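This report concerns only the one structure given below.
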Amino acid sequence: MNFLIFIIILVLLFGAIILFSVLGFIRSVFSAIFGLGRRRNSYQTSPDQPSYQADSKSKTKVFEPTEGEYVDFEEVKD
């Protein structure tokens with residue numbers, strides 16, 4: 001009896017996985033055809049949300065002005 005319940009649960013689990021994958025494929029097809037879903041919303045910004053370009057212009061330099069400059073040195077032999 002326990003084995004039969006296990007088989008039923010296993011079949012239902014595989015059925016759910018197949019159903020969700022088919023529904024996900026159908027959703028992606030409709031999203032590609034009609035422009036619905038995440039892609040369309042990721043490029044739109046609301047008035048209170050800053051855009052990507054505004055964020056890139058407001059960034060400041062993190063390094064100090066002297067960092068990365070050439071420094072003369074002399075080799076010391078032991």
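The values are calculated or read from the model by the stated rules, or taken from the named source; none is laboratory data. Quick caveat: nothing in here was measured; it's all calculated off a predicted structure. Cβ atoms come from the backbone with ideal geometry, glycine included; neighbour counts cover every protein chain shown.
Quick one: would you say E74 is among the charged types (D, E, K, R), modelled with pLDDT of 80 or more and loosely packed, with under 10 Cβ neighbours inside 10 Å? Taking the combined requirement at face value, the residue satisfies it.
Here is a yes/no grid of residues against (1) modelled with pLDDT of 90 or more; (2) surrounded by 10 or more Cβ atoms within 10 Å (Cβ to Cβ):
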residue	(1), (2)
L4	yes, no
V11	yes, yes
I18	yes, yes
R27	no, yes
K59	no, no
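Annotation: of all residues in the range 29-38 being out of contact with any Ser or Thr (no Cβ under 6 Å at 6 or more places or on another chain) and of a type outside the set (A, V, I, L, M), the one that is surrounded by the fewest Cβ atoms within 10 Å (Cβ to Cβ) is R38.
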